[in-house]
Amino acid sequence: MGKALIIGCGGVANVTIRKCCQNSDVFEEIMIASRTKSKCDALKAKLEGGKTKIHTAQVDADYTDQLIPLIESFKPDVVINLALPYQDLTIMDACLATKTHYLDTANYEPKDTAKFEYKWQWAYKEKFEKAGIMALLGCGFDPGVTGVFTAYAQKHYFDEIHYIDILDCNGGDHGYPFATNFNPEINIREVTSKGRYWENGRWVETEPMEIKRVYDFPQIGEKDMYLLYHEELESLVKNVRGLKRIRFFMTFGQSYLTHLKCLQNVGMTSIEPIDFNGMKIVPLQFLKAVLPDPASLGPRTKGKTNIGCIFQGIKDGKERTYYVYNVCDHQESYKETESQAISYTTGVPAMIGAMLMIQGKWMKPGVYNVEEFDPDPFMDALNKWGLPWHEDFNPVLVD
Ligand code: NDP
């Protein structure tokens, strides 16, 4: 049925690529293109023999002029961007130049400022509309499935949603005192930033990790969780009617937080370049080089993730609450895809989003976030492709 060009060959791409190969009726042909071609070739060697035809290529996605000839020669239906947030705009430019649909899992972030916002990508809306192509932004788990959960709650259970709490719990243990579950640079930039939530029409800023709650997560148990700013808050505030407050919480263990504090105190998480032996180095990039590669955590990680949304609002004049979540087992994910659950929960939704675009079920020219589409086919696909969800109509609320 279709062809996808997948850019990047890291933890998340490893899952998306395998899922595309499992879904060969839709993904007849894929090209894996990344900075380090040997990684693409190694994955191709593992997966060859199935029905999906796999090609590989080297590309530096920082350069639109390298991407354009690649897209022109392969002619994909959709480009799935699973490189880093820094490459979003160069890849969107290449999609515009070649009139090709686009999907990613994280919003654009300039390399020299730890600040992510949709404004740079939303600014492409008119250009994409005029070119007759679509961009689907943030189609991982969070952002991604959390937006689909919200659209599903809004469609089926609420006239108005007033409060949303997004809870992201990683109950997994990799046995290291400190490691990050996905790209360390992106992860540490995110968790060392100030917290932010939206209430009564305005953003409220907090110090990093200032607001802590304890929650008893289904299938995991009690965990400490901290309020963070997360990118789907920006689009959900815009797209959910009647909203009064939205917050995002993520769990962190004490060992992670103690190490992070220490690294911050000595300047290792800074993105300001410093002089070192006559060279300029960025401390956070150096730290990334000494930390365990997230891809190596897969075989060691035991336990589960639980990511979901708690909604409060009204239906037919009556108050109601609704919790929808997915539980994903690190070891089951690894058995299937050689990746732990963080990559799995991101990589599967990216495949599903691209599938719905190729099938024409989610297709309209412009730039969109996932909650702007009919959630039902996506919710069905989550059950089918390895991320089944659970519902609770009487959940414990977060104070
Ligand atoms: P990794 O670091 O494991 O992989 C990134 C891949 O992109 C690597 O293969 C890397 O190449 C490649 N890459 C980096 N720069 C370039 C470039 N200039 N040109 C071509 N390829 C490049 O990251 P993850 O797989 O963990 O994360 C991928 C994306 O998913 C990130 O944007 C991350 O923010 C996002 N994410 C989204 C989540 C969600 O739920 N929405 C959750 C987790 C992650 P090389 O091998 O040479 O380094």
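I'd like the full set of residues that are of a type outside the set (Lys, Arg), out of contact with any Cys (no Cβ under 8 Å at 6 or more places or on another chain) and under 21 Å from MET355 (Cβ atoms), limited to the range 27-47. So that I can check it myself, show each step before the final result.
Initial filter on the range 27-47 (of a type outside the set (Lys, Arg)): 27-34, 36, 38, 40-43, 45, 47.
Cutting the leftovers down to out of contact with any Cys (no Cβ under 8 Å at 6 or more places or on another chain) gives us 28-29, 31, 38, 41-42, 45.
Those that are of a type outside the set (Lys, Arg), out of contact with any Cys (no Cβ under 8 Å at 6 or more places or on another chain) and under 21 Å from MET355 (Cβ atoms): GLU28, GLU29, MET31.
Yes/no per residue for (1) in a helix (DSSP H, G or I); (2) exposed (fewer than 14 other Cβ atoms within 10 Å of the Cβ):
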{"site": "TYR176", "(1), (2)": "no, no"}
{"site": "ALA179", "(1), (2)": "no, no"}
{"site": "ARG189", "(1), (2)": "yes, no"}
{"site": "TYR197", "(1), (2)": "no, no"}
{"site": "GLU205", "(1), (2)": "no, yes"}
{"site": "ASP216", "(1), (2)": "no, yes"}
{"site": "GLY242", "(1), (2)": "no, yes"}
{"site": "MET250", "(1), (2)": "no, no"}
{"site": "SER255", "(1), (2)": "yes, yes"}
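Go through (1) outside any strand (DSSP E or B); (2) free of Cβ contacts under 8 Å to residues at least 40 places away in the same chain; (3) not polar (S, T, N, Q) for ASP374 and report which single condition fails.
Of the numbered conditions (1) outside any strand (DSSP E or B); (2) free of Cβ contacts under 8 Å to residues at least 40 places away in the same chain; (3) not polar (S, T, N, Q), the odd one out for ASP374 is (2).
Go through (1) within 8 Å of the ligand (Cβ to nearest atom); (2) assigned to a loop (DSSP other than H, G, I, E, B); (3) touching a residue at least 40 places away in the same chain (Cβ under 8 Å) for PRO76 and report which single condition fails.
Condition not satisfied by PRO76: (1).
Every residue in the range 307-340 that is under 20 Å from ASP173 (Cα atoms), surrounded by 22 or more Cβ atoms within 10 Å (Cβ to Cβ) and over 16 Å from the mean Cα position of the chain (by Cα), please.
HIS330, SER333, THR337
Could you look through the range 58-102, keep only residues that are in contact with a Gly (Cβ under 7 Å, 6 or more places away or on another chain) and of a type in the set (A, V, I, L, M), and pick out the one that is surrounded by the most Cβ atoms within 10 Å (Cβ to Cβ)?
Checking each candidate, the answer is LEU82.
If you take the residues of the range 1-51 that are assigned to a loop (DSSP other than H, G, I, E, B) and modelled with pLDDT under 95, which of them is farthest from the ligand (Cβ to nearest atom)?
Within the range 1-51, the subset assigned to a loop (DSSP other than H, G, I, E, B) is 1, 8-10, 23-26, 35-36, 48-51.
Applying the additional criterion that residues be modelled with pLDDT under 95 yields 1, 10, 48-50.
Values: MET1: 25, GLY10: 2, GLU48: 19, GLY49: 23, GLY50: 21 Å.
Going through the qualifying residues, I end up with MET1.
Would you tally the residues in the range 345-371 being touching a Leu at 6+ places or on another chain (Cβ under 9 Å) and farther than 30 Å from ASP224 by Cα? Please lay out each step first, then the result.
Keep residues of the range 345-371 that are touching a Leu at 6+ places or on another chain (Cβ under 9 Å), which gives 345-350, 352-354, 356-357, 362-363, 367-371.
Checking the rest, the ones that are also farther than 30 Å from ASP224 by Cα come to 352-354, 356-357, 362-363, 367-368.
Residues meeting the conditions: 9.
So that you can scan it fast, the table gives a plain yes or no per residue for (1) over 24 Å from the mean Cα position of the chain (by Cα); (2) more than 16 Å from the ligand (Cβ to nearest atom); (3) at pLDDT 95 or above; (4) β-branched (Val, Ile, Thr):
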site	(1), (2), (3), (4)
TYR226	no, yes, yes, no
LEU236	no, no, yes, no
ARG241	no, yes, no, no
HIS259	yes, yes, no, no
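Across the range 290-320, which residue is farthest from PRO143 (Cα to Cα) among those that are away from the ligand (no atom under 13 Å from the Cβ) and aliphatic (A, V, I, L, M)?
VAL290
Which of (1) more than 15 Å from the ligand (Cβ to nearest atom); (2) of a type outside the set (Lys, Arg); (3) over 24 Å from ILE342 (Cα atoms) is the odd one out, the single condition ASP62 does not satisfy?
All conditions are met except number (1).
The values are calculated or read from the model by the stated rules, or taken from the named source; none is laboratory data. What you are looking at is a predicted structure, and each value in this text was computed from that prediction instead of being measured. With ideal geometry, Cβ positions are generated from the backbone for all residues, glycine too; neighbour counts draw on all protein chains shown.
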